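S.K.: Okay, handing you the structure first.
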Amino acid sequence: MDISILIKEARLRKGVTQQDLADKIYVTRQTISKWELGKSQLDYLSLELLSRELDIELISKEKLRSSHWLIFITLVGLLFPLALPLRYFVFRLNRLGNKRFVLLFKCIMVLLVGLYLKTLNDNVYGVFLVLVGVSTL
């Protein structure tokens, strides 16, 4: 079934007007109309809000998980140019004889990156914690 038909049927089933639904998910009435006519695509946040408000599953759990990975890959892609000089610096630090200093530096860097990611998105932060845990094994 087309998502536009699914949205319209669920809205009518709940007895909600386009304006009421728009107010609840923070979009305009015209946006709801475009979604129902299939003239516009939903973004991720609107899709999630709409599915909660209408009590329907518009996005599968697998798609939701893959979108979290997409966010993570995008974030890594944006930070990758910054990661190369940092990796080189860590490589140079490892060649030093002072293991405690190297360990302290790595811990501080992981903490700073973790705090930064926590401000962005809890899901990305969770993936970060898993990756840090796996990398320390």
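The values are calculated or read from the model by the stated rules, or taken from the named source; none is laboratory data. In this text, all values refer to a predicted model and were calculated from it rather than measured experimentally. Glycine gets a Cβ as well: all are built from the backbone with ideal geometry, and neighbour counts include every protein chain shown.
S.K.: For segment 16-43, which residues satisfy the criterion of being surrounded by fewer than 14 Cβ atoms within 10 Å (Cβ to Cβ), of a type outside the set (S, T, N, Q) and under 18 Å from E57 (Cα atoms)?
M.R.: Within segment 16-43, G38, D43 meet the criteria.
S.K.: Next question, about the same structure. If you go through segment 110-124 one residue at a time, do you hit one that is modelled with pLDDT of 70 or more and either assigned by TED's automatic domain parsing to the domain that holds Y44 or over 28 Å from L45 (Cβ atoms) (or both)?
M.R.: The answer is yes; a qualifying residue exists.
S.K.: What's the total number of residues in segment 1-17 that are farther than 21 Å from Y44 by Cβ and assigned to a helix (DSSP H, G or I)?
M.R.: To start, the set of residues in segment 1-17 that are farther than 21 Å from Y44 by Cβ comprises 9, 12-17.
After this cut, where a residue has to be assigned to a helix (DSSP H, G or I) as well, the list is 9, 12-14.
Adding up the residues that qualify gives 4.
Yes/no matrix, rows are residues, columns are (1) at pLDDT below 70; (2) not charged (D, E, K, R):
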| position | (1), (2) |
| --- | --- |
| L37 | no, yes |
| L45 | no, yes |
| L50 | no, yes |
| F72 | yes, yes |
| F80 | yes, yes |
| L86 | yes, yes |
| R92 | no, no |
| F101 | no, yes |
| F128 | yes, yes |
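S.K.: Regarding I25, is this residue modelled with pLDDT of 65 or more and under 23 Å from L6 (Cβ atoms)?
M.R.: Working: modelled with pLDDT of 65 or more: yes; under 23 Å from L6 (Cβ atoms): yes.
Criteria met by I25.
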